[in-house]
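All remarks here apply to the structure that follows.
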Amino acid sequence: MKSNFTTCEITDSEANASTKNKSQTIIGTELVTFRNKEEMRLVGFHDYPVGIPGTDKWMIVLPGYGETKTEVLAESYFLAKNGLHTLRFDYSYHVGESDGDILHTTLERMKDDILSSIDYLHHRFSPKKIGAVASSLASRALLRAAREDHRIQLLLNLVSVVDLRKTLFAIYQEDYLQRAKNGLPVGIMDVLGFQVDADSFLRSAIANHYEDLKTTLEDMRYIDAPVVFFAAAKDAWVELDDVWQAIYAVSGKRMDLQILEDSMHELHENPAVSRKALSGIVHYATLFLLGEDRLDHITQPNLREIGFRVRKEKKRNKILHETSKEEEREFWKSYLDKYSFVVNVPDYWDLMNLVYLLLGEIRPQERILDAGCGIGNFGMFLLVKLLYAAKKQPIFPGWYQSLQYVGLDFVQEALLQARHSHDDIEKEFVQTRDLAGNGRLLIGSYFLADLEALLPFKENTFDKLCCNLVISYVRSPAETISEMVKLLKPGGRIVVTSLKPFADLSQVYRNFIKVAKNKAHLAEAQKMLSNAGRIKAKEAQGIYRFFSEEALTDFLKGAGVCEVETYRSLGNQANVAVGVKA
């Protein structure tokens, strides 16, 4: 349930005081709330240039589907620095602070919220001009809003989804819209990374005419405002030819297309592309709303100023959505219960293999700690590796000195599953691979413990340590890594992985369906993807944080780890850092 916590906050004086260039425009931020036509409470931020008179030129900066108002702070600050007032808000029935859960999201509801934001601005500020910028699915909702409300006088569309049917098919290789048209149930499923009531989402898209390129072209014919599309040259979800058709839907209207080279649907993947898009947004907004061409002299926000504001809003989101330890345990119990199939995904197998290789040569009698082992996937991977090696070399040196693997997690049910899986694999190899009588290669031990609490081991106990896709989910990652490093012997190796910021887990799914053997595998993979959507939702709420290579490097070096190197894995969606305890 979302909190009703509200506060009014004006200029971020701490950040502004640190800005060295006092002549630079200072940005103020005010918390605002308003209602949509369903009387749902919408929460947003009004960013504005302090000391510049007038509130008559506005840009509505719309979060993408599955994003909160904080994710579009950079766009908002760029616009405010250049003289525009901006409004960014969380949609209802979405992630973020506004009323409703994303389970019940639809494009029609997103469109209605956009119209409600325009009503709010006119009621409170009486603006002369309003423009809007949106991305991906939110852009599709914006196009419909502009068709219905001509008070929107400029539309800027980043990697806009112009053919919903084609985009969904590109991701899932199934025409779910046709399935819904045929009256067949879909249920709860992943839609672009988030779990939603697909029956409601798809049927609403059909009933309200959002489903394909034809409906987009029809909307374009009724839009009077200038429209600009920023299209990614390598977008796997949106075909460039479809965007061209949208541009030329009606001849004689003011429309532009900016092609972002070397970019995919997620613009954050490439900082250079992201900066180019931000500059383009400011250029068109100031040109059409202020009547000024600032392309060659765009004022950029101070990065420290943006970073301060992002941290402040993330902290706020975390407070709003704070969960108890018991609620977290129940969440992960449910999550891990549907996680077994992940070992069949090639990209995940590649990630575990990379962790295995980075830990270095496995020697007899070494002790390995798997911190946050879950259902024991890495332990099973390690065991299978050793057993196959033993099969190839029957006289395996040091078998009598077994490798000791320790799995640590705070979900008891997951540990029981890990223990059973470990025993089953070992038993199968002993019975079918003629390995009986040679001793045990790996002795597995499993401990119920919380990484955020005192760990039940002495310092300098382990030779190797891995923490795979876990560090994003603890409250104090730097502190947790420091405590884990204490458990390593000097010279011991540690590998830490995290999903990268703005990870596109549907890419992993798309890679899998290319090699899937049957429909049952596809169904299991779809469940896994939907499960991952629950993680993405918590990231959007500020509860979980995914880390860049630089952040992982800083964590390890801060804990006394040297020789740090970073890699990418999991279909390019995860960052991996490795180092040696000094």
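The values are calculated or read from the model by the stated rules, or taken from the named source; none is laboratory data. None of these values were measured; they are calculated from a predicted model. No Cβ is skipped: glycine too gets one built from the backbone with ideal geometry, and neighbour counts run over all protein chains shown. The protein model used for the area step is the full one, side chains on, heavy atoms only, and it has no ligands, DNA or RNA in it. Shrake-Rupley method; radii C 1.70, N 1.55, O 1.52, S 1.80 Å.
Solvent-accessible surface of the chain, averaged per residue with a 1.4 angstrom probe and all protein chains in place: 42 square angstrom. Taking packing as the residue-averaged number of other Cβ atoms within 10 angstrom, the listed peptides 520-526, 571-577, 547-553, 156-162 run from highest to lowest as 156-162, 571-577, 547-553, 520-526.
Relative to the longest principal axis of the Cα atoms of the chain, helix 136-148 runs at roughly 20 degrees.
Look at the dipole of the chain built from charges on Cβ: of A80, Y91, V61, the Cα furthest out on the positive end belongs to A80. Projecting the Cα atoms of L499, I130, L386 onto the dipole axis of the chain, where Lys and Arg carry +1 and Asp and Glu carry -1 at the beta carbon, places L386 farthest toward the positive end. Computed over the Cα atoms of region 468-513, what is the ratio Rg over Rh, Rh following Kirkwood? Using Cα coordinates only, the ratio equals 1.13.
For the chain, with all protein chains in place and a probe radius of 1.4 Å, 51% of the accessible heavy-atom surface sits on carbon or sulfur. Among the GluC sites (Glu not before Pro) found in region 454-484, those both in a DSSP coil and sparsely packed, with 14 or fewer other Cβ atoms within 10 Å of their Cβ, are E459. Note on region 91-203: Cα-Cα pairs beyond 25 Å make up 27% of the total pair count. Shape index of the chain: Rg/Rh, with Rg the Cα radius of gyration and Rh the Kirkwood radius from the inverse mean 1/r over Cα pairs, equals 1.01. Sorted largest first, the principal axis extents computed over the alpha-carbon atoms of region 195-308 equal 45, 39, 26 Å. Residues in region 567-582 carry Karplus couplings, in order, of 9, 10, 7, 6, x, 6, 9, 10, 9, 10, 10, 9, x, 10, 5, 5 Hz; the curve used is 6.51 cos²θ - 1.76 cosθ + 1.60 with θ = phi - 60°, and Gly or Pro positions show x.
Using Cβ point charges alone (K and R +1, D and E -1), the dipole size of region 57-114 about the Cα centre works out to roughly 380 debye. Using θ = phi - 60° and the Karplus relation 6.51 cos²θ - 1.76 cosθ + 1.60, list the HN-Hα couplings for region 53-67 in order, rounded to whole Hz, with x at every Gly or Pro. Once rounded to whole Hz, the list reads x, x, 10, 9, 10, 10, 10, 8, 9, 8, x, x, 4, x, 10.
In summary, the aspartates and glutamates within cross-link reach of K314, defined as a Cα separation below 12 angstrom excluding same-chain residues under 8 places away, comprise E71, E97, E322, E539. In a reduced charge model with +1 at each Lys and Arg Cβ and -1 at each Asp and Glu Cβ, region 278-337 shows a dipole moment near 340 debye about its Cα centre.
Cross-link pairs exceeding 31 Å between alpha carbons, from the set K37/K538; K318/K464; K181/K325; K37/K536: K318/K464; K181/K325. For the chain, the 222 nm mean residue ellipticity estimated from helices alone, with every DSSP H stretch of n ≥ 4 adding -39500 (n - 2.57) and the total spread over all residues, rounds to -12500 deg cm²/dmol.
Straight Cα distances below 18 angstrom link K234 to the lysines K166, K276, with same-chain residues fewer than 8 positions distant left out. In a reduced charge model with +1 at each Lys and Arg Cβ and -1 at each Asp and Glu Cβ, the chain shows a dipole moment near 540 debye about its Cα centre. Close amide-amide hydrogen proximity is noted between I188 and A198, each under 5 Å apart and 5 or more residues distant or on a separate chain (H modeled in the peptide plane; Pro and chain starts excluded).
Rounded to the nearest whole angstrom, the semi-axes of the ellipsoid equivalent to region 178-252, taken from the Cα gyration tensor as √(5λ), stand at 27, 16, 10, largest first. Based on Cα atoms of region 212-268, Rg over Rh with Rh as the Kirkwood radius reads 0.98. When all alpha carbon pairs of region 24-138 are counted in 10 Å bins from zero, the resulting P(r) reads 15, 51, 29, 6, 0 %.
Along region 334-345 the Karplus relation, 6.51 cos²θ - 1.76 cosθ + 1.60 evaluated at θ = phi - 60°, assigns HN-Hα couplings of 5, 5, 5, 5, 10, 9, 4, 5, 4, 5, 8, 8 Hz to successive residues, with x for each Gly and Pro.
Listed by chain and number, the aspartates and glutamates whose alpha-carbon sits under 13 Å from that of K486, ignoring those within fewer than 8 places in the same chain, are E459, D463. Restricting to DSSP loop positions (anything but H, G, I, E, B) with no more than 10 other Cβ atoms inside 10 Å of their own Cβ, which trypsin sites (Lys or Arg not before Pro) remain in region 482-582? Listed in order of number, the matching sites are K514, K517. For region 304-399, the residue among I368, T323, M352 whose Cα projects farthest onto the positive side of the dipole built from Cβ charges is T323.
Placing H297, H94, H265 in order of accessible area, with the largest value first and a 1.4 Å probe, yields H297, H265, H94.
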